[in-house]
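Reading through the structure tokens given below for one structure.
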Amino acid sequence: MSNVVVLDNGGGLIKAGIGGDLDPVAVVPNSLGRPPHSSKRWLVADQLLSCEDPTSISLRRPFDRGYLINPDLEKEIWDRVFRSILRVDPAQSSLLLVEPLFNLPSIQRATDELVFEDFGFKCLYVADSPSLVHLHEASRRPDGLVAKTQCSLVVDCGFSFTHAAPVLQNFTLNYGLKRLDLGGKALTNYLKELISYRSLNVMDETLIVDEVKEKLCFVSLDVARDLEIARKRGKENLLRCTYVLPDGVTHTKGYIKDPTEAYGYLNLQDAVQPVTKQEVGVTEDAGRNEDKGKVDLTKNEFNLTNERFLVPEMLFHPSDLGMNQAGLAECIVRSVHSCHPYLHPVLFESIILTGGSTLFPRFAERLERELRPLVPDHYRVKITTQEDPIRGVWKGGSLLASSPDFEAMCVTKSEYEELGSARCRRRFMH
């Protein structure tokens, strides 16, 4: 059997490796970047990770709003991944490709052309992320509920979208799929706007703000209480922290000024009653004036307070920002109710979280608190976060690619040339 290349082609990150391995060989940005001091040379995929100075890098992505819009750019990134990182010969390999849900036929044709005509793979299998996550979790816990019932609800908080997808017998039930048009990219953009409005202009610092989001943001279990705490003065404000931007001379990477201060919020007790304005001892205007007095525009740093939990809060209450969409908990409930009533108790008890945005501290606990009032009392709610939410889809693909009958499920290059893209794609719908 030839090598099977497993490619989880996400909008933000590409996870690539060989089928049967425990971990992907590479987890690299699905983008090109050009530093401001280099007018011609574009950094591709893994080269972005080794860039010494991430300041003001211009990014080009082949994906927009979750779908492939620039196949030529994707070809350049894949070429780097296949030939320089994986070092495989596509002509002697098969490809398991993870595609977005509800991929458009025109994009499917463009993808098939990339796979068979540009790279010349022997055969292709197309999978979606919920079914692979389900497969991986069922294999990890053979005695668990997911493996016994072959049923789960996968919540995928990705780069462009957040999906709630019921899976039965390792097939995604498309009629029950619900989508929230928010993902990691939107959260990063929102954090950029907040920092730029309150402190420094960081609208061009996508990579840096992305790191700030991943290191400092968290999910609040009591938003009203935390908003009041964020207005406290001095050391009583357990949410305040400072991030130092790279200056290109003494340090080329940003860093947290005081890690102990940054994670002081972990000391907050969930049972604490909401703090009143009298307990805070400061009016709203006075708090704003004090913050203004502490901003030092001559320093290459900025403070974060309530931004740290208001950014992830978008996923739970997008209507607070004027978006006419349901929150994540309501999306899950609507997804479950779209399925047969016999599946409802199993789905609520088999919720699996995957995707990079589920890595925010306290994400699962907050989601369970939001879900519980919306679910009948006699149903149990159980939420499981994947061991590795970023690589979980790839690991499911690796498991599928190592099965003995994998190549029998694939579309070969000769079938593609004879039948065309549309007819070959029907195989993956059954």
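The values are calculated or read from the model by the stated rules, or taken from the named source; none is laboratory data. Being a predicted model, the structure only gives us computed values, none of them experimental. Here the Cβ is made from the backbone with ideal geometry for all residues, glycine too, and neighbour counts use every protein chain on show. We work out accessible area using only protein heavy atoms, side chains counted, and drop any ligands, DNA or RNA first. Shrake-Rupley method; radii C 1.70, N 1.55, O 1.52, S 1.80 Å.
Angle of helix 206-216 to the longest C-alpha principal axis of the chain, folded into 0 to 90 degrees and rounded to 10: 70°. Computed extension length for Asn267-Glu52: 73.9 nm, one decimal, from 0.36 nm per residue of separation with the Cα-Cα distance subtracted. Normalised per residue, the accessible area of the chain is 47 Å², obtained with a 1.4 Å probe and no contribution from ligands, DNA or RNA. For the chain, set up a GNM with springs between Cα atoms under 10 Å and report which of Met203, Met314, Met409 has the largest fluctuation. Greatest mean-square fluctuation among the candidates belongs to Met409.
Put the Cα centre of region 139-179 next to the Cα centre of region 1-44 and the gap is 25 Å.
Couplings 3J(HN,Hα) for region 142-156, derived from phi with the Karplus relation 6.51 cos²θ - 1.76 cosθ + 1.60 (θ = phi - 60°), are x, 9, x, 5, 4, 5, 6, 8, 6, 8, 7, 10, 9, 10, 10 Hz, where x marks Gly and Pro.
Taking the helices alone, the chain has a mean residue ellipticity at 222 nm of -9000 deg cm²/dmol, built from -39,500 (n - 2.57) per DSSP H run of at least 4 residues and averaged over all its residues. When a/c is below 1.5 the answer is rounded, else prolate if a/b is larger than b/c, else oblate, so apply that to region 26-108 with a ≥ b ≥ c taken from the square roots of the Cα gyration tensor eigenvalues. Note, shape of region 26-108 comes out oblate. Close amide-amide hydrogen proximity is noted between Leu43 and Gly33, Arg34, each under 5 Å apart and 5 or more residues distant or on a separate chain (H modeled in the peptide plane; Pro and chain starts excluded). Near Gln386, the amide H atoms lying under 5 Å from its own belong to Leu353; only residues 5 or more places off or on other chains count, and H is placed 1.01 Å from N. Taking the accessible area of the chain, probe 1.4 Å, and keeping the other protein chains in place, the carbon and sulfur fraction comes to 49%.
Listed values for region 366-372 are Karplus-derived 3J(HN,Hα) couplings in whole Hz (6.51 cos²θ - 1.76 cosθ + 1.60, θ = phi - 60°), namely 5, 5, 5, 5, 6, 6, 3, and x replaces Gly and Pro. Label region 182-250 by shape, choosing from rounded, prolate and oblate, from the square roots a ≥ b ≥ c of the eigenvalues of the Cα gyration tensor; if a/c is under 1.5 it is rounded, and otherwise prolate applies when a/b is larger than b/c, oblate when it is not. It comes out oblate by the Cα gyration axes.
The relative contact order of the chain, computed from alpha carbon pairs under 8 Å that lie at least 6 residues apart in sequence, is 20 percent. From the Cα gyration tensor of region 330-430, with a ≥ b ≥ c the square roots of its eigenvalues, which class applies: rounded if a/c is under 1.5, or else prolate if a/b is larger than b/c, or else oblate? It comes out prolate by the Cα gyration axes.
Converting phi to 3J(HN,Hα) with the Karplus coefficients 6.51, -1.76 and 1.60 and the offset θ = phi - 60°, region 223-235 yields 5, 4, 5, 5, 5, 5, 5, 5, 9, 6, 9, x, 6 Hz in sequence order, with x at every glycine or proline. Highest-first packing order for the peptide set 344-355, 106-117, 5-16 is 5-16, 344-355, 106-117, based on the mean count of other beta carbon atoms within 10 Å. Rounded to the nearest 5, the antiparallel percentage of DSSP beta bridges internal to the chain is 65%.
Residues whose amide H lies under 5 Å from that of Leu95, counting only those 5 or more places away or on a different chain, are Val5, Cys123, Leu124, Tyr125; hydrogens are built 1.01 Å from N in the peptide plane. Pairs over the 20 Å Cα-Cα cut-off, from the set Lys15/Lys40; Lys192/Lys213; Lys15/Lys192; Lys15/Lys148: Lys15/Lys40; Lys15/Lys192; Lys15/Lys148.
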